[in-house]
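Reviewing the structure listed below.
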Amino acid sequence: MLFDVAVTSEMRARGVFVEDALLAGHSLGEYGALAAFKMMTLEDIIDITFIRGMTMQSTVERDAQHNSAFAMVAVNPSRVGRMFDEQALDMIITQIREAQNGELLEIVNYNVRQFQYVVAGTRAQLAILGHVLDIVHAQQINMNSQIGQGTVQKLVDDAVAQGGCGTVVRRTRATIPIPGIDVPFHSSHLLAGASQFRSCINMMIRETSTDCAGFIGRYIPNLTAATFDVSREYFELVYNQTKSPVVAHELENWPEPLTDREKTRLARLMVIELLSYQFASPVRWIETQDRLLNEFAVEQIIEVGPNATLCRMAEGSLMIAGLEKQVAVRHIFRDEDDIYYTNAMIAAKEAAAAKKEEKEAAAAADIVAAATAEATDKSAQVISEPAKPAAPAAPAAQPAVTSATPNVPLQAVDVVRVVIAQKTKRSLIDISASKSVKDLTGGKSTLQNEILGDLLKEFGAGGQIPDRPDEISL
């Protein structure tokens, strides 16, 4: 939060912050966005996010060793099969959850269509998910057919009948455990904390000092992935997702006509409800990006955060949509010169300096021309001398004999090595083609995923990336 507020304060000071811009944030980043656009004071936003974390922790039971039964994994459906998609993933998750009497297993982050999702659940459920996805890949089961769906249902039933697949969440072909996470963030398991959290933020988002209505048409919440509004339709949308008793009460007593005073009151109330249920609802980032790119047709996206995580998501989504050349995706550090127009200012200074030099050169030429004209006007004594014989012509220079430089085509491995060198901040000479991505990244799964995303951007998603690219030599 402090970082977001500090950076946007600098942007304001340097005259590049657009106060009426669209805003959205991923998970906790949503609070950073609201703080940056001054919906709440910095002190209140820090208190709210602290209480948010404590509320989520309080909903999770722990054993004597302080361990919980939950974990989270990143899932890449494209690694299961070319025909395997988000719908197929959701179908398998539903089958596993129903076979286990509703035991938690849910998609909680929709990040990049077809490539990046996050699933939360109990460790036992996540172990079954990884097991089933491996078999679906190995047997190339078509989830679009009833036969394929029946086959997967039998796989799930057999796994459950045999006592599951243990409680250790391992990396599989399409799943990567997220280390250090034992709270099922953004899952329905956390709904029990929504009412308590509402009471806290209700005291901090003050009606007298907060202009929530000013965010209508600009703010895209995680909960709905639909632009913030104060209308009966928007309240119905939120109620259908949350079953909030507060929203239900307002719908039953909807004011007609909607005065400015009522609009201000309802805007504040809606922000409170959106945030109350946010940590217990999926982050719908795919839809958020779709709305930015399609409904608003944005020309520039700026990420304010320590790392360019959302930039990479946006770049992946733009590549899939074929729009990578139409939208500028910039990070506050990575693209600082473009955001602050540093390059433009340098170019302007260079142009001014060049113009000054041109004027000075022209003035000097005028002085020389005037002096020459004055000299020719004066009489001069001309002494003729006998003509000297012409010097013999120098022998013609022989062209140097050189061999033609071969035109060597760029190899795919060269591109791969450059991408990895850039990501790992190492010299190209250190990136040996005999090593794997896993070796070169020290086994860091997040960095491996980032490299895979960049390789997909370079080579396309049309099957040119081999299976398990992180484990084979470059």
Can you tell me which residues in region 137-192 are charged (D, E, K, R) and either buried (at least 19 other Cβ atoms within 10 Å of the Cβ) or out of contact with any helix residue (DSSP H, G or I) (no Cβ under 8 Å at 6 or more places or on another chain) (or both)? LYS154, ASP158, ASP182
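Quick one: in region 203-224, of everything that is part of a loop (DSSP other than H, G, I, E, B) and open to solvent by less than 30 Å² (accessible area, probe 1.4 Å), which residue is nearest to ALA280 (Cα to Cα)? Please lay out each step first, then the result.
Let us first name the residues in region 203-224 that are part of a loop (DSSP other than H, G, I, E, B), namely 205-211, 216-218, 220-224.
Adding the requirement that they be open to solvent by less than 30 Å² (accessible area, probe 1.4 Å) leaves 205, 210, 220-224.
Details: ILE205: 20, THR210: 25, ILE220: 17, PRO221: 13, ASN222: 11, LEU223: 9, THR224: 13 Å.
The extreme case among them is LEU223.
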The correct count of residues that are open to solvent by less than 50 Å² (accessible area, probe 1.4 Å), farther than 13 Å from VAL416 by Cβ and part of a helix (DSSP H, G or I) in region 427-447 is 2
Answer with yes or no whether GLN398 is in contact with a helix residue (DSSP H, G or I) (Cβ under 9 Å, 6 or more places away or on another chain), open to solvent by 40 Å² or more (accessible area, probe 1.4 Å), part of a loop (DSSP other than H, G, I, E, B) and modelled with pLDDT under 75. no
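Can you say whether CYS200 is surrounded by 21 or more Cβ atoms within 10 Å (Cβ to Cβ) and of a type outside the set (A, V, I, L, M), as far as the supplied structure shows?
Values: surrounded by 21 or more Cβ atoms within 10 Å (Cβ to Cβ): no; of a type outside the set (A, V, I, L, M): yes.
It is false that CYS200 is surrounded by 21 or more Cβ atoms within 10 Å (Cβ to Cβ) and of a type outside the set (A, V, I, L, M).
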Over region 225-248, the set of residues open to solvent by 10 Å² or more (accessible area, probe 1.4 Å), of a type in the set (Ser, Thr, Tyr) and over 29 Å from the mean Cα position of the chain (by Cα) is SER231
Positions within region 137-171 being part of a helix (DSSP H, G or I), within 19 Å of ALA124 (Cβ to Cβ) and aliphatic (A, V, I, L, M), in sequence order: VAL152, LEU155, VAL156, ALA159, VAL160, ALA161
Please verify whether region 36-55 includes one or more residues that are among the basic types (Lys, Arg) and closer than 22 Å to SER188 by Cβ. yes
For region 1-58: of the residues being basic (Lys, Arg) and touching a residue at least 60 places away in the same chain (Cβ under 8 Å), which is surrounded by the fewest Cβ atoms within 10 Å (Cβ to Cβ)? ARG14
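The values are calculated or read from the model by the stated rules, or taken from the named source; none is laboratory data. The model shown is predicted, which means the values in this text are computed figures rather than measured ones. Heads up, the Cβs are rebuilt from the backbone with ideal geometry, glycines too, and the neighbour counts pull from every protein chain shown. Accessible surface is based on the protein model in full, side chains and every heavy atom, while ligands, DNA and RNA are left aside. Shrake-Rupley method; radii C 1.70, N 1.55, O 1.52, S 1.80 Å.
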